[in-house]
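The values are calculated or read from the model by the stated rules, or taken from the named source; none is laboratory data. As the structure is a prediction and not an experimental result, all values here were calculated from the model. All Cβ positions, even for glycine, are placed from backbone atoms using ideal geometry, and neighbour counts span all protein chains on display. Note: areas computed on protein heavy atoms with side chains; ligands, DNA, RNA excluded. Shrake-Rupley method; radii C 1.70, N 1.55, O 1.52, S 1.80 Å.
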Amino acid sequence: MEKTLNGANAVDFASASLAGPELHRLLAQYREAGPLHAAQFLGREALIITGFDTLQRAFRDGDTFPPEIIYQLSTEPVMGRTFISMPQAEHNVYRKLATPAFRSRAVAGQQDALYADIANQLIDRFIDAGEADLVDSFTRPFPLLMIGRMLGLTITCEADFRRWSKALLSYFHDPEGALNAASEIGELLQPLIEERRA
């Protein structure tokens, strides 16, 4: 089932700098050759899955395709151990504890008051200009402000949070920058955590 495509397994998909067209051509070659291919990721053996049925099987087979490994390599070094980086059995225990907070009834109670309020605040920033870059002006800050509000944080340093969130997700390419961001966030949040605990 596993194949190698024209030596493409030599490409390390974690570090390769593939321009959009180049990446799309390579992925098209993979799709034409079959649904599963040997590859490299962070210097480790990995698989590229390009077939829908194969991907569905992979999602259902946590023993062969353990989903936690990527999080252990990418987020755990800077965010610590979380339930997304736990093996499946342990993950399931924590997921059951967290799920009720995200059920539709729990979220629906916050919807109008929270989502609409944040959306209106963001739109108010650019509506008088008559135009805006929707990604920069709306879709990037919206989840940040929403999560901050759900956690009870007043985010006044939006640019810092944006920089930190980007750095935290860049551990592969800039470990030092990711660790610095984690430290800065910790300094900001630690007093709030201590206050909540008290």
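Tabulated results
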{"quantity": "Set His37, His91: member being surrounded by 13 or more Cβ atoms within 10 Å (Cβ to Cβ) and assigned to a strand (DSSP E or B)", "calculated": "His37"}
{"quantity": "Pairs with Cβ under 9 Å, 6+ apart, first in segment 27-51 and free of Cβ contacts under 8 Å to residues at least 12 places away in the same chain, second surrounded by fewer than 14 Cβ atoms within 10 Å (Cβ to Cβ) and in a strand (DSSP E or B)", "calculated": "none"}
{"quantity": "Search result, residues across segment 152-198 that are of a type in the set (Gly, Ala, Ser) and either more than 24 Å from Phe102 (Cα to Cα) or open to solvent by 70 Å² or more (accessible area, probe 1.4 Å) (or both)", "calculated": "Ala159, Ala167, Ser170, Gly177, Ala178, Ala181, Ala182, Ser183, Gly186, Ala198"}
{"quantity": "Meets criteria (open to solvent by 40 Å² or more (accessible area, probe 1.4 Å) and more than 30 Å from Asn180 (Cα to Cα)) for Phe65", "calculated": "yes"}
{"quantity": "Qualifying positions in segment 148-181 - among the polar types (S, T, N, Q) and part of a loop (DSSP other than H, G, I, E, B)", "calculated": "Thr154, Thr156, Ser170"}
{"quantity": "Counted residues, segment 135-151 - those being free of Cβ contacts under 8 Å to residues at least 24 places away in the same chain and either on the phi > 0 side of the Ramachandran plot or open to solvent by 40 Å² or more (accessible area, probe 1.4 Å) (or both)", "calculated": "8"}
